[in-house]
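Undergrad: Below you will find the structure I want to go over with you.
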């Protein structure tokens, strides 16, 4: 039977999907994203009740487009570029596909310094979808790098997210879940999908860049398990002496996806776990494990995580869970021309005495904004108005706070009417 073409309000969605998949692929190095295509269809007038009719076609067409070379994609899109609507984007957050029964979503900051306005902007879409559809919403602290984890974050993060996002389902602290990451590391080794590499970083990089395998890739599962246990043993490998790597296709065009690391040895004391562990899993492993275990359904993350998402999808696949991979959207950032959001620099400024603390009114931190009287609803209104967009928004500090102050006035006005 030929593929059924869904017709809704006289629109040929299959052809629209194909065009927008090509457009998205051309804009993102040959890899179209299902979430981005669906978002574009909402701009074309797709209704919530019609999503279930087109989601299968989106998956099929994105799969086909992503098998083409970048040059083929560009050539095909040039033929059909005039079919893309140039109407203004739909205001507000669009409906999510397959969300009618609720969502399971998360926001996962690195606790390497104080929370700031960038976090408030990034967390809000996921939180608002949780409030819209019901389900579960987790805040996950990704603290498995003992060299960057900041001790004061554990308390301040919960206080500030409780203020910004009341009703969080649970707080997950990754360094408390080490046994899970170790178990999954062993699963991957036993599936011959991961191996312990003892090559020097320089040697490994040269081989990877040439798309050649390092000698460690060929060792047996049994020897890999022995090496893994040696990594865990306090009398085993020294720091930098061994790395657990994912066994990916060496011919992948994107070098970032080849043989990426899953865990490494770090001996610095962790601010929460002390010296309890010496092998620390990296985000590629931790994120995949937590998303699997907590059954994430939808993820909204910054667009610089595209490669990370591909790595995590590979882990899902080798575990036989590819169909469970969450619907994902990559969000554009607010880029400030004159505002410092680096947590490292904010920390350094407070330590140097340049500021009275993280709630200093001159800092763009959540502690400061909260103290200054800003309402969480102001950030919610900002997120609603922007919607889901992959496009970065460049603006000055003055312009941003002018916007925020307008939303603040609306939030105060509405609060006064209740």
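The values are calculated or read from the model by the stated rules, or taken from the named source; none is laboratory data. Note that the coordinates shown come from a computational prediction; the quantities given were computed from them, not determined experimentally. Heads up, the Cβs are rebuilt from the backbone with ideal geometry, glycines too, and the neighbour counts pull from every protein chain shown.
Undergrad: Touching a strand residue (DSSP E or B) at 6+ places or on another chain (Cβ under 6 Å), under 30 Å from residue 127 (Cα atoms) and not assigned by TED's automatic domain parsing to the domain that holds residue 305: is that true of residue 262 in this structure?
TA: yes
Undergrad: Follow-up. Which condition number in (1) farther than 21 Å from residue 35 by Cβ; (2) outside the structural domain of residue 294 (by TED's automatic domain parsing) is the one that residue 145 fails?
TA: (2)
Undergrad: Let me ask another. Could you tell me which of the residues 208, 203 is out of contact with any strand residue (DSSP E or B) (no Cβ under 9 Å at 6 or more places or on another chain) and closer than 22 Å to residue 281 by Cβ?
TA: 208
Undergrad: Could you count how many residues in segment 154-168 are over 11 Å from residue 140 (Cα atoms) and surrounded by fewer than 17 Cβ atoms within 10 Å (Cβ to Cβ)?
TA: 6
Undergrad: Out of (1) touching a strand residue (DSSP E or B) at 6+ places or on another chain (Cβ under 7 Å); (2) outside any loop (DSSP other than H, G, I, E, B); (3) more than 20 Å from residue 332 (Cα to Cα); (4) modelled with pLDDT of 80 or more, what's the single condition that is false for residue 82?
TA: The number of the failed condition is (1).
Undergrad: Has segment 157-174 got at least one residue that is modelled with pLDDT under 95, in the same structural domain as residue 302 (by TED's automatic domain parsing) and within 23 Å of residue 308 (Cβ to Cβ)?
TA: yes
Undergrad: Another question, then. Just to be sure I understand, how many residues within segment 319-341 are in contact with a strand residue (DSSP E or B) (Cβ under 9 Å, 6 or more places away or on another chain), at pLDDT 95 or above and surrounded by fewer than 18 Cβ atoms within 10 Å (Cβ to Cβ)?
TA: Summing the residues that are in contact with a strand residue (DSSP E or B) (Cβ under 9 Å, 6 or more places away or on another chain), at pLDDT 95 or above and surrounded by fewer than 18 Cβ atoms within 10 Å (Cβ to Cβ) in segment 319-341 gives 0.
Undergrad: Do you know which residues across segment 360-369 are surrounded by fewer than 18 Cβ atoms within 10 Å (Cβ to Cβ) and either in contact (Cβ under 8 Å) with a residue 12 or more places away in the chain or closer than 24 Å to residue 166 by Cα (or both)?
TA: Listed by number, the residues that qualify are 360, 361.
Undergrad: I would also like to ask the following. Looking at (1) farther than 30 Å from residue 337 by Cα; (2) touching a residue at least 60 places away in the same chain (Cβ under 8 Å), which is the one condition that is false for residue 134?
TA: (2)
Undergrad: Still on this structure: Out of all the residues in segment 90-118, which are surrounded by fewer than 21 Cβ atoms within 10 Å (Cβ to Cβ) and part of a helix (DSSP H, G or I)?
TA: 118, the sole residue that qualifies.
Undergrad: Sticking with this structure for a sec: Could you grab the pairs with beta carbons closer than 6 Å, sequence gap of 6+ or different chains, first residue in segment 35-60 and closer than 10 Å to residue 21 by Cα and outside the structural domain of residue 19 (by TED's automatic domain parsing), second one outside any helix (DSSP H, G or I) and modelled with pLDDT of 75 or more?
TA: Cβ pairs passing all conditions: none.
Undergrad: Any chance segment 55-75 includes a residue that's surrounded by fewer than 20 Cβ atoms within 10 Å (Cβ to Cβ), in contact with a helix residue (DSSP H, G or I) (Cβ under 9 Å, 6 or more places away or on another chain), modelled with pLDDT under 90 and closer than 21 Å to residue 291 by Cα?
TA: Yes: segment 55-75 contains one or more residues that are surrounded by fewer than 20 Cβ atoms within 10 Å (Cβ to Cβ), in contact with a helix residue (DSSP H, G or I) (Cβ under 9 Å, 6 or more places away or on another chain), modelled with pLDDT under 90 and closer than 21 Å to residue 291 by Cα.
Undergrad: Of all residues in segment 405-418, which are without any contact (Cβ under 8 Å) to a residue 40 or more places away in the chain and either within 29 Å of the chain's Cα centre (by Cα) or part of a helix (DSSP H, G or I) (or both)?
TA: 405, 406, 407, 408, 409, 410, 411, 412, 413, 414, 416, 417, listed by residue number.
Undergrad: Next question, about the same structure. Would you say residue 126 is farther than 24 Å from residue 277 by Cα, in contact with a strand residue (DSSP E or B) (Cβ under 9 Å, 6 or more places away or on another chain) and part of a helix (DSSP H, G or I)?
TA: Yes: the conditions hold for residue 126.
Undergrad: I'm told residue 287 meets every condition in (1) at pLDDT below 95; (2) more than 26 Å from residue 207 (Cα to Cα); (3) touching a helix residue (DSSP H, G or I) at 6+ places or on another chain (Cβ under 6 Å) except one. Can you identify the failing condition by its number?
TA: The failed condition is (1).
Undergrad: Within segment 373-398, count every residue that is within 27 Å of the chain's Cα centre (by Cα) and outside any loop (DSSP other than H, G, I, E, B).
TA: 15
Undergrad: Please tell me if residue 244 is in contact with a strand residue (DSSP E or B) (Cβ under 8 Å, 6 or more places away or on another chain) and under 21 Å from residue 316 (Cβ atoms).
TA: Yes, satisfied.
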